[in-house]
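As structure tokens, the structure follows; a few thoughts come after it.
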Amino acid sequence: MRFIWLFYHILIVCASVFFIKIMEIINSFAKNLKKLRESHNLSMTELAELLFIKTSAGINQFESGRSNPSLDTAITVATLFGVSLEWLTGLSDEPYTKASVSAANVAKVERMQRVDPEGAIGNMILLLSKDAGIEPKIQLTQPSLELQANYIFLLNSTFLNDLEHLQRENGSPSERLATLTDNKKPNGRLDKRKAERYKLFLQAHNGYFEKPLFIIPK
């Protein structure tokens with residue numbers, strides 16, 4: 001009888017510790033998701049669009065801790081921003097690691113192959129850079145992990161995100177790129193905040209920055 005009582009007591013303690021740890025992870029995700037969104041100058045609506053969540057209410061639920069993200073959602077957030085899952089869930093103090101940036105880069109390449117199988121984005125970047133008067137610069141040093149992650153985020157949140165949304169609306173790759181190119185023109189339908197991200201991406205692509213563009217607060 002005493003053994004059963006001891007086993008039951010241990011089980012309750014373990015369950016309590018597990019519950020507390022799960023709540024810490026949820027709270028850390030909520031806090032760090034908000035840090036990422038605000039440091040990258042995104043509204044809840046914009047982040048919802050990048051994560052393919054129907055409305056900004058879903059982001060609000062995550063940031064308030066009232067909703068738990070799925071593993072797929074957590075991975076999508078991590079690869080979108082180039083941060084580690086360990087940091088995102090409060091298990092590490094370092095947002096960027098070689099592994100997290102490498103994983104984000106792999107995800108970026110796979111996404112490019114999926115939404116731009118004809119490989120036309122490169123030509124579009126050259127064309128838009130020329131139109132914007134953004135000339136390539138030679139980078140003499142290896143970009144930091146933070147800057148590499150920033151570049152991946154900018155590509156994900158501009159060309160790749162827009163192409164994937166257009167892909168879900170059907171149409172051939174060439175038709176999607178034509179629509180996207182038209183939206184980039186001065187009289188196109190691109191809103192100011194996204195237009196600024198496109199400009200930052202083109203500048204980052206052409207080597208204009210040596211320091212991180214987005215600083216995540218501690």
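Looking only at residues of the stretch 130-166 that are modelled with pLDDT under 90, surrounded by 13 or more Cβ atoms within 10 Å (Cβ to Cβ) and of a type in the set (A, V, I, L, M), we find that the one that is nearest to the chain's Cα centre (by Cα) is L163. Residues of the stretch 57-91 that are surrounded by 15 or more Cβ atoms within 10 Å (Cβ to Cβ) and aliphatic (A, V, I, L, M): I59, A74, I75, V77, A78, L80, V83, L85, L88.
Restricting attention to the stretch 106-129, and to residues there that are in a loop (DSSP other than H, G, I, E, B) and in contact with a Ser or Thr (Cβ under 8 Å, 6 or more places away or on another chain), which single residue is surrounded by the fewest Cβ atoms within 10 Å (Cβ to Cβ)?
Applying the first criterion (in a loop (DSSP other than H, G, I, E, B)) to the stretch 106-129 yields 116-120.
After this cut, where a residue has to be in contact with a Ser or Thr (Cβ under 8 Å, 6 or more places away or on another chain) as well, the list is 118, 120.
Numbers: E118: 10, A120: 17.
Filtering first and then ranking leaves E118.
Of all residues in the stretch 115-170, those satisfying the criterion of being farther than 13 Å from H205 by Cα and among the charged types (D, E, K, R) are D116, E118, D131, E146, D162, E164, R168, E169.
Kindly indicate whether E110 is over 12 Å from F159 (Cβ atoms), touching a residue at least 60 places away in the same chain (Cβ under 8 Å) and either among the hydrophobic types (A, V, I, L, M, F, W, C) or out of contact with any helix residue (DSSP H, G or I) (no Cβ under 6 Å at 6 or more places or on another chain) (or both).
The answer is no for E110.
The values are calculated or read from the model by the stated rules, or taken from the named source; none is laboratory data. None of the values given here were measured: they were computed from a predicted structure. Neighbour counts are summed over all protein chains in view; Cβ atoms, including those assigned to glycine, are modelled from backbone coordinates with ideal geometry.
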